[in-house]
Every structure is written in structure tokens, then in C-alpha cells.
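The values are calculated or read from the model by the stated rules, or taken from the named source; none is laboratory data. Quick caveat, the model's predicted, so the values are computed rather than measured. Heads up, the Cβs are rebuilt from the backbone with ideal geometry, glycines too, and the neighbour counts pull from every protein chain shown.
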């Protein structure tokens with residue numbers, strides 16, 4: 001049976017991806033691809049999203065200012081998503097569970 005036009009496009013895209021070197025690839029965990037972080041700012045201290053049998057739970061943290069704890073908001077938008085992709089990519093490339101992020 002001849003592949004459909006859609007199947008041919010998928011095969012061609014997969015072939016292009018396989019030709020890239022691992023240093024040029026970016027990785028995203030399947031849970032984050034399906035569920036992701038909040039898209040817009042929220043004042044809620046928690047965020048949950050569920051898809052099938054998988055669920056993501058985020059809880060806002062606190063920052064020590066030197067004299068007291070300050071509430072911090074939940075991450076949202078494209079920057080936290082891009083950071084998670086960069087962190088995941090580095091962990092896979094370096095084959096480590098510990099990633100140095102700096103200050």
C-alpha cells in the first residue's frame with residue numbers, strides 16, 4: 001500500500017530530524033509537551049493540568065530576602081517553557097540528572 005501524502009510528509013520530517021546532530025536537537029519531556037506551564041499570569045498559588053492518566057502540579061515558591069520570605073508567582077508563558085526545553089536538552093546531552101544553572 002502506498003503511503004498517503006500526510007504519511008510521506010511525516011516520513012520526510014523524521015528523516016530530516018535524524019540527520020541533525022544531537023548537539024543541534026532540543027528535547028521536551030512528553031508530560032510538558034502535553035500539559036505545559038500556564039500560558040498567562042495567574043495570582044493562584046497552584047496550577048494543575050491533567051491529560052488522561054498524567055497530571056502536572058506546580059506550586060509557587062518563596063524567596064528568602066535575607067530578612068523574610070517573599071511569595072513568588074507561578075512561572076508562565078514561553079520563557080519557562082523554553083527554559084525547561086534547554087534544561088532537558090542539557091540533561092540528555094550530558095547524560096546527567098544534575099544541571100548547573102548558575103545564579
Check: Which residue pairs have Cβ atoms under 9 Å apart, sit 6 or more places apart or on different chains, and have a first residue in segment 79-92 that is on the phi < 0 side of the Ramachandran plot and at pLDDT 85 or above and a second that is surrounded by fewer than 14 Cβ atoms within 10 Å (Cβ to Cβ) and in a helix (DSSP H, G or I)?
Finding: none
Next item on the list: Any chance you could count how many residues in segment 45-64 are in a strand (DSSP E or B), surrounded by fewer than 10 Cβ atoms within 10 Å (Cβ to Cβ) and in contact with a helix residue (DSSP H, G or I) (Cβ under 9 Å, 6 or more places away or on another chain)?
Entry: 0
Notebook entry, point to check: Quick one: how many residues across segment 80-96 are surrounded by fewer than 10 Cβ atoms within 10 Å (Cβ to Cβ) and within 15 Å of the chain's Cα centre (by Cα)?
Noted result: 0
Note to self: For a quick check of your reading of the model, give me the residue pairs whose first member lies in segment 50-65 and is closer than 15 Å to residue 36 by Cβ, whose second is modelled with pLDDT of 90 or more and surrounded by 10 or more Cβ atoms within 10 Å (Cβ to Cβ), with beta-carbon atoms closer than 6 Å and at least 6 apart or on different chains.
What the structure shows: 56/49; 57/48; 58/47; 58/74
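Mind checking which residues of segment 65-77 are within 26 Å of the chain's Cα centre (by Cα) and part of a strand (DSSP E or B)? Steps first, answer last, please.
If we filter segment 65-77 for residues that are within 26 Å of the chain's Cα centre (by Cα), which is where we start, we get 70-77.
Residues satisfying the conditions are 70, 71.
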Note to self: On the basis of being modelled with pLDDT of 85 or more and under 12 Å from the mean Cα position of the chain (by Cα), does residue 56 make the cut?
What the structure shows: yes
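Please specify each residue of segment 34-44 satisfying the condition of being under 26 Å from residue 91 (Cα atoms) and either surrounded by 13 or more Cβ atoms within 10 Å (Cβ to Cβ) or in contact with a helix residue (DSSP H, G or I) (Cβ under 8 Å, 6 or more places away or on another chain) (or both). I'd like the intermediate steps shown before the answer.
First, the residues of segment 34-44 that are under 26 Å from residue 91 (Cα atoms): 34-39.
Of everything in segment 34-44, those that are under 26 Å from residue 91 (Cα atoms) and either surrounded by 13 or more Cβ atoms within 10 Å (Cβ to Cβ) or in contact with a helix residue (DSSP H, G or I) (Cβ under 8 Å, 6 or more places away or on another chain) (or both) turn out to be 34, 35, 36, 37, 38.
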